[in-house]
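What follows is a set of notes on a single structure, which appears directly below.
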Amino acid sequence: KRAFLPHEFHHTREPPRGMSSDDEFEAHSGAAACSPIEAGKVRKGGFLVIRGRPCKVLDCSKAQPGKHGSAKCHFTGIDLFTSKKMETVCPASAIMSQPDVSKQDFLLMGCNEDFLALMSTTGAVTRHDLRMPSNDALAAKIEDALQNCERGDALVTVMKAMGCEGVSDIKKATRSGAAASPCDNKKNGRKKK
C-alpha cells in the first residue's frame with residue numbers, strides 16, 4: 001500500500017497565505033480568453049499574445065532548421081491597446097496563445113474629462129467608462145469628429161481582448177446602420193479644409 005501525504009488530501013490543504021478557506025481564487029491573466037496555436041501556423045494580420053499582451057501580427061518570418069536546431073519563427077506585432085511594437089522568437093513547433101478578439105460599434109455622443117460617452121447602435125446601452133485612446137492619430141480623429149460631426153454621426157469601434165478594451169477605430173455612421181469612410185469634416189453643409 002502507498003502512504004498518502006497530507007497535501008494530497010483536498011480537505012487537509014491549507015489556503016494560500018492571506019486567503020481564507022471560503023475565498024475563491026480568480027485568475028485575471030486573460031489566459032481563458034485565448035486559444036492555442038502552433039507558432040508555425042501564425043500568419044501576418046492575425047492576433048498573438050506577445051510578452052503577455054494581445055498584439056496584431058505585423059510581420060512573421062520563419063528560419064529554416066539548421067544543423068543543431070529546429071526551425072525558428074520571428075514575430076513582430078503591435079499591441080492592440082498601447083500601440084507599442086513587440087517582438088518574439090520561438091521554435092516553429094511551440095504552442096502559443098492567440099487572443100480571442102471581439103469588436104463592437106458604438107455611437108460617439110461626446111467626451112467628458114477624457115472619458116468618451118458612447119451609446120450602442122440600438123440605444124439600449126450607454127457607456128462612460130472608456131478613456132480617449134493613447135494613440136495620437138486616433139485621438140485626433142475622435143477630437144475632429146467631436147468638433148465637426150453632430151451627436152451620433154460617428155461610430156467608434158471598441159475592441160476587447162484578454163480582459164482589456166479600448167477604442168480601435170472611428171468611422172462615419174450611415175442611416176442604414178452600416179459604416180462609411182471616416183467622418184468627412186462636414187458641418188452645416190460646408191467642408192472644412
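In this simple spin-label model, placing a label point 7 Å from the Cα along the Cα-to-Cβ direction at both Ala71 and Ala139 gives a separation of 4.2 nm. Packing around the peptides 111-124, 80-93, taken as the average count of other Cβ atoms within 10 Å per residue, puts them in this order, highest first: 80-93, 111-124.
If you add up the charges near Asp100, with Lys and Arg at +1 and Asp and Glu at -1, over every other residue whose beta carbon is less than 15 angstrom from its beta carbon, what do you get? Surrounding charge for Asp100 is +3.
For the range 37-109, with every protein chain kept in place, what is the accessible area per residue (1.4 Å probe, Å²)? Result: 57 Å² per residue. Counted residue by residue at 0.36 nm each, then reduced by the alpha carbon distance between them, the extension gain from Arg151 to Arg127 reaches 7.2 nm. For the set Lys103/Lys141; Lys44/Lys67; Lys62/Lys85; Lys44/Lys85; Lys41/Lys172, the pairs lying more than 24 angstrom apart at their alpha carbons are Lys44/Lys67; Lys41/Lys172. Tell me the net charge near Pro91. Cut-off is 15 Å between Cβ atoms, Pro91 excluded, with +1 for each Lys or Arg and -1 for each Asp or Glu. Every neighbour counted, the sum reads +2. Fully extending the segment from Asp100 to Thr82 would add 4.7 nm, taking 0.36 nm per residue of separation and subtracting the current Cα-Cα distance.
The values are calculated or read from the model by the stated rules, or taken from the named source; none is laboratory data. For clarity, every value in this text was computed on a predicted model and none was experimentally measured. Because the Cβ atoms are built from the backbone with ideal geometry, glycine has one as well, and the counts that use them run over all protein chains shown. Note: accessible area is taken over every heavy atom of the protein model, side chains too, but ligands, DNA and RNA are not part of it. Shrake-Rupley method; radii C 1.70, N 1.55, O 1.52, S 1.80 Å.
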